[in-house]
Amino acid sequence: MRSILEESMLETRSMPLENRPRLPRIPLSKRNRVVVRALNPMMVTYLEASRDLCKTDSILFGAALAVCRIIGAKLPMAGRATQQSSAIPAWRKRIEDRIAKARALIGRLTSFRSGNNRPLEWRLLGQILVCPAEYHAETNGAHR
């Protein structure tokens, strides 16, 4: 138990705050309380040697990380900053897709207007004339 505590504190001492894993909430079971009570006396020596707030924070986070490891709680592997920034909202993706389709359609129509009368362009023009609702922007805000 002491080796896991020391390893966790060493690991978090050099880790930037934004790269620390997000710790899960653990239930207040008898087993978990026993683990916390066993680690409390071990932490006294580390906390007494702590001289600044940053070191105290890394000690406390290391102890919490050690508790999670001892009880077997699942921890994320990567830092939480990289996970959150990569998420694109669904509404934004839908809007960007519609803009890309509209730009492609405008390019093809411009090509047709400038004299490119290939059969593919004729078929596109026929689709627009037959089913115009698919190619026009909705103005009432309703979704399809």
Sort ASP52, ASP97 so the one with the fewest other Cβ atoms within 10 Å of its own Cβ comes first. ASP52, ASP97
Work out the FRET efficiency for LEU10 and ARG108 from their Cβ-Cβ distance, taking R0 = 41 Å, and round it to the nearest 0.05. 0.10
Diffusion coefficient, µm² s⁻¹, Stokes-Einstein with Kirkwood Rh over alpha-carbon pairs of the range 2-85 at 4 °C and 1.567 mPa s: 96 µm²/s
Please list 3J(HN,Hα) in residue order for the range 67-76, calculated via the Karplus relation 6.51 cos²θ - 1.76 cosθ + 1.60 where θ = phi - 60°; whole Hz, with x for glycine and proline. 4, 4, 5, 5, 7, x, 6, 6, 10, x
How much FRET efficiency would the formula 1/(1 + (r/R0)^6) give for ASP97 and ARG22, where r is the Cβ-Cβ distance and R0 is 22 Å, rounded to 0.05? 0.10
Calculate, for ALA64 and LYS30, the FRET efficiency according to 1/(1 + (r/R0)^6) with r their C-beta to C-beta distance and R0 22 Å; round to the nearest 0.05. 0.70
From the phi angles alone, apply the Karplus equation (6.51, -1.76, 1.60; θ = phi - 60°) to the range 96-102 and give each ³J(HN,Hα) in whole Hz, x where the residue is Gly or Pro. 5, 5, 5, 5, 4, 5, 5
Sorted by Cβ neighbour density within 10 Å, fewest at the top, the residues SER50, SER14, SER8: SER14, SER50, SER8
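Read-outs throughout are calculated quantities, based only on the coordinates presented, and are distinct from any laboratory measurement. Quick caveat, the model's predicted, so the values are computed rather than measured. For neighbour counting, all protein chains shown are included, and Cβ atoms are generated from backbone atoms with ideal geometry for every residue, glycine included.
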